[in-house]
Amino acid sequence: DNADDDGRHRTDEHGHTHLHRGRLFAASSDPLRPSRIRVTSTDFPRTVQSVRALLVGLFPDGYDPNDPDADAIEIDVRHTSRFIPDPQPRRTEGQLELERKLARRPHLDEREEEMRALASRTTEALRDVLGRGHDEISFGVGEEKDDEDKDRSIGGNVKPLPWVQLAEITKCLEVRDLLPPSVSPEDVSRINEHAAWRWFEMLRHPRLVGMAMGDMAEELIETFHRGLRWSRRHLPHLPHHHGGGAEPEEGDADHGKLTHAKEGPPPALHIYSAHDSTLIGLLCAFRLESPDTWPEYGSYIKMELIEAETVEDDETVTLEATASQKEEDGDSSSSNPVRHYVRFSLNGEVLRCYWGIDEEGRWRLTELMPLEHLTAMVRREQRRHHVDDGDHHHHDDPFVSPRGGEANQ
């Protein structure tokens, strides 16, 4: 490994950069401290363990309870059902009914028929490694079985596992070189590809993804707004512009399932530790362009709040990551118009959003989404899924293909 001049990070032989005490997130004069991080996780041992490992990497010196200046980082695990698209049980019966309805669309039935033999053969091959009661577990969007399905076997006497379960088990066994002889790496690839395709086909339905991931999408957007509200109150010398009043105010009745009445300084970094299914859900909820593949282990989505200041004299736009960076550079005041944008990336690759709008009001893919426009779209989808009957064609949503998005054909 090679360390840089001031020892802030290391780069290994593969070119991967390793963080050292969080200093890559800010200038060396203002490093990222534990007090400026908020952590939320689903209440599963593997997700809590994963985010703990990340925090150890950020702060390898650990936490000293005897140090009065040390800050412990708490992990909030209170909102698990909001951060996965298929909680057990579902948070609403309506979501489960819609999943069953969408799963019976002709093009899904056709693909299922093509894959039945593989599902049956793989489940049979895994019989010896499955725990007791495995056939009583059912998880995955659109894979909850009704009474008729529970009594149905595929391929004879074997009732196949749900696709997401097959994908997870076979992938874990493949990584550890423990696949049964009758299950090939090609089988594992086909299973994972089909599971991913199926999930994207389901969650790209606007009403379903609103039910499954709408609350988390709203919470992520509200995190940005909480930071901007705090900055306007406590850093009035900095320029703030929220784009025509679209930013929700405190106490807004349409907001705030997770909003706090008394807000302290906003975190510089908010980490959510969840699941691969969470990533797929967010890709669909925010209408992001991405391949229909199952996320690899360790995958992550990053959402950045970017401040854009229009310089009037030469009509150029300067993009800056945070207002605090402007303070550090000595430019703490400005009369230039400022707007805020959200940028998404998956594993470091910037993703474009289908909700972009051009100057003539037409849909277009964009890498920088105005915060006020993104907020309005997320809130619109939440309102719509509460009143929609599931048969609406959603022709005003650029993300939805006619075959993949409609409940009825």
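The values are calculated or read from the model by the stated rules, or taken from the named source; none is laboratory data. What you see is a predicted model, and the numbers here were worked out from it, not measured in a lab. Cβ: placed from backbone, ideal geometry, glycine included. Neighbour counts: every protein chain shown. Protein only, heavy atoms only, side chains kept; ligands, DNA and RNA dropped before computing areas. Shrake-Rupley method; radii C 1.70, N 1.55, O 1.52, S 1.80 Å.
Once you have the Cα-Cα distance between H234 and E360, take 0.36 nm times their residue separation minus that, and quote the gain in nm to one decimal. Before the final figure, lay out the partial values.
Values: separation 126, 0.36 × 126 = 45.36 nm, distance 3.75 nm.
So the extension gain works out to 41.6 nm.
Compute the distance in nm between two label points, each set 7 Å from the Cα along the Cα-to-Cβ direction, one at E112 and one at V350.
Here the answer is 4.1 nm between the modelled labels.
So how much slack lies between R78 and R91, counting 0.36 nm per residue of separation and subtracting their Cα-Cα distance, in nm? All intermediate terms of the calculation are to be shown ahead of the outcome.
On the way: separation 13, 0.36 × 13 = 4.68 nm, distance 1.47 nm.
Between R78 and R91, full extension yields an extra 3.2 nm.
Go through region 218-223 residue by residue and turn each phi into a ³J(HN,Hα) via Karplus (6.51, -1.76, 1.60, θ = phi - 60°); whole Hz please, and just put x for glycine and proline.
5, 4, 5, 5, 5, 4
To the nearest 10 square angstrom, how much accessible area does D43 have with a 1.4 angstrom probe?
About 100 Å², rounded to the nearest 10.
For the residue pair E289 and E367, what label-to-label distance in nm results when each label sits 7 Å from Cα along the Cα-to-beta-carbon direction?
Those two pseudo-labels are separated by 1.1 nm.
Quick check: residue separation of R383 and D67 times 0.36 nm, minus the Cα distance between them. What number comes out in nm? Please report the intermediate quantities before stating the final value.
Numbers: separation 316, 0.36 × 316 = 113.76 nm, distance 4.80 nm.
Contour length minus Cα-Cα distance gives 109.0 nm.
5 Å is the cut-off here: which amide hydrogens, built 1.01 Å from N in the peptide plane, fall below it relative to R105, excluding neighbours closer than 5 in sequence?
Amide H to amide H, under 5 Å and 5 or more residues apart or across chains, R105 pairs with nothing.
How much accessible surface area, in Å² rounded to 10, belongs to the heavy atoms of V175 with a 1.4 Å probe?
Around 90 Å² of this residue is reachable by solvent.
Using the beta-carbon distance between C172 and V48 and R0 = 22 Å, what value does 1/(1 + (r/R0)^6) give for FRET efficiency, to the nearest 0.05?
0.75
For W363, W197, W163, give the ranking by accessible area with the largest first, probe 1.4 Å. Don't jump to the answer; show the numbers that get you there.
On the way: W363 95, W197 35, W163 10 Å².
Sorted descending by solvent-accessible area, the residues read W363, W197, W163.
Express in Å², to the nearest 10, the accessible area of K302 obtained by rolling a 1.4 Å probe over the protein heavy atoms while all chains stay in place.
Around 90 Å² of this residue is reachable by solvent.
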